[in-house]
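What follows is a set of notes on a single structure, which appears directly below.
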Amino acid sequence: MEFIDGEFEYEHSEFDDMEMPTPCQKCDNWFDLNDGVGSEKWYPRTVICPECGEKEQTIVELESEIEDLQIELEEAEGDIVSANESINSANKVIARNTSKITELKDKLKVLENE
């Protein structure tokens, strides 16, 4: 593309098939505006080329999946803490009841031997 007499002159017909040639904000490649994709992450409220739009969408999906997995991990960690508290509580009950059972069995033997 050259700038001649106040207008752009194109060396070849890459723009002949485009209704509205537009440079991509991300990669600077030209695309037909009608084929573009609205940018969600890189350039909100801007149309970018389909290739960059696809890359951006993949990134957005991966980030969303990472966020979902992070939330699951945090919930699982909370479940582990809760489970550990339950296990500790259960172990205390077991220890206390085992001790009481031993004490009561000893009392029972004394009473049976009288």
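List of remarks:
- Tilt relative to the chain, helix 50-112 - C-alpha long axis, 0 to 90 degrees, to 10: 0 degrees
- Listed values (i) 2.68; (ii) 0.98; (iii) 1.28, entry calculated as Cα Rg over 2.2 N^0.38 Å: (i)
- Taking trypsin sites (Lys or Arg not before Pro) as exposed when DSSP calls them loop and at most 11 other C-beta atoms lie within 10 angstrom, the chain has its longest site-free stretch at 46-114.
- When the charge dipole of the chain is built from unit charges on Cβ atoms (+1 for Lys and Arg, -1 for Asp and Glu) and taken about the Cα centre, the candidate among Leu73, Thr22, Ser99 whose Cα reaches farthest toward its positive end is Ser99.
- Reachable lysines from Lys41, criterion Cα separation under 26 angstrom, eight or more residues apart if same chain: Lys26, Lys55
Values quoted throughout were computed directly from the atomic coordinates according to the rules given, and no laboratory measurement underlies them. Here the structure is a predicted model, which means the values were calculated and not measured. Glycine gets a Cβ as well: all are built from the backbone with ideal geometry, and neighbour counts include every protein chain shown.
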